[in-house]
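These notes concern the structure reproduced below.
The values are calculated or read from the model by the stated rules, or taken from the named source; none is laboratory data. Just so you know, these numbers come straight off a predicted model, no measurement behind them. Because the Cβ atoms are built from the backbone with ideal geometry, glycine has one as well, and the counts that use them run over all protein chains shown.
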Amino acid sequence: MFARGETILQLMERLAPKHYAVPEDKIGLQVGSAAKEVKRVLVALDVNQAVVREAVSLDAELIIAHHAVIYRPLAHLRTDTPSGALAAELLRRDIAVYISHTNLDTAEGGMNDWMAEALGLAGRDVLEEIHTDKLSKLVVFVPETHHEAVRNAMFAAGAGWIGNYSHCSFNIEGTGTFVPREGTDPFIGTAGKMEKAAEIRIETVVPDSARKAVIAAMLKAHPYEEVAYDLYSMDLKGRSFGLGRVGKLPSAETLEQFAERVKSALQVPFVRMVGDPAKPIRKVAVLGGSGSRYIRHASFAGADVLVTGDIDYHSAQDAEAAGLAIIDPGHNAEKIMKPKLAQWLNDQLRAKGYNTEVFASQIDTEPFKLR
């Protein structure tokens, strides 16, 4: 059994919900249709003609990429231009393209966490907060025989988090009453007669980002034909999500040593470095992509160094004046997402019983070369 495109995109949006993206970011399905069965998926950093040829060679029907294939508004779709020819080839081959960009950067277990893990950073915090989940309280009444199954289903779908504590709930024993009417098929009781049932009132917190999944899981696990539950809005804030990560190395090392760590961990042939090579480095800020505007954020967080791409001349001078070291491994360092995301998707699809295969692109889309 192969997954449909919509199912794969739902998995992607569970990892990296669209509302995690910065405003006006170009994300989502950009080319083709997801309303089809997908046997093979290709995960890429960028989409160019070489990546499309790779997808064709794999018989992939879907490309999931980090960088948008349509970034600027199109004034026309001419096949004698590079962008037009690329779109035409994708459509001709019936290959859909889905983009997960700053929402994947922001997501827990996404781009910036992958980069921080590769660098060995512990005790990570967000560099810039983008989104904070609002919390709701979910109350559901469950027969005693099924309350653990229902509660665990809600926890598995994302309910029950308070700070860094998971599986949080409050449970009260009580008696439920109801009269099954004509045409019902009650789990307990007989149509037309008052029924009393020993029930558990389960209360738990649900973040907005997981609300639909939690309610769906609760309804699926619940034995009743009609489920009695309430959802209350709360003023409390849940977990915060954002761009970049700040963490610490296991032990201090010089900037020069750390630069070698970055090259090895992010598999890049060179880095640009700002700062004294002998400077001790312990606290590290990392942000995939272009990070010039995050120099102040990194300094405010007390970082010794910022690892990010596309640092311009004047931003480098600003960092140097502020005493912040910079390691620029280039924008292409985000290629770390290809094997990580491919593995995550493969695991999710296998767990759901699908035979759809996910491959990490082997195409190097780095445009810069050293001479």
Just to be sure I understand, how many residues within region 20-62 are among the aliphatic types (A, V, I, L, M), surrounded by 15 or more Cβ atoms within 10 Å (Cβ to Cβ) and within 12 Å of Gly5 (Cα to Cα)?
6
Considering region 1-44, residues that are outside any strand (DSSP E or B) and in contact with an Asp or Glu (Cβ under 7 Å, 6 or more places away or on another chain), and then whichever is nearest to Arg72 (Cα to Cα), we arrive at Gly32
When region 248-280 is examined, which residues are found to be farther than 29 Å from Thr365 by Cα and either among the charged types (D, E, K, R) or within 31 Å of the chain's Cα centre (by Cα) (or both)?
Lys248, Leu249, Pro250, Ser251, Ala252, Glu253, Asp276, Lys279
Pairs needed: first member in region 253-265, outside the structural domain of Ile327 (by TED's automatic domain parsing); second member anywhere, surrounded by 15 or more Cβ atoms within 10 Å (Cβ to Cβ); C-beta distance under 8 Å; at least 6 residues apart or different chains.
none
Taking the condition of being over 44 Å from the mean Cα position of the chain (by Cα) and either outside any loop (DSSP other than H, G, I, E, B) or surrounded by 11 or more Cβ atoms within 10 Å (Cβ to Cβ) (or both), how many residues in region 191-201 meet it?
3
Keeping to region 115-168, report how many residues are polar (S, T, N, Q) and buried (at least 17 other Cβ atoms within 10 Å of the Cβ).
1
Residue in region 202-225 that is nearest to Arg181 (Cα to Cα), counting only those that are modelled with pLDDT under 95 and not in a strand (DSSP E or B)
Glu225
Scan region 151-183 residue by residue and report those that are assigned to a strand (DSSP E or B) and under 16 Å from Ala210 (Cβ atoms).
Ile162, Tyr165
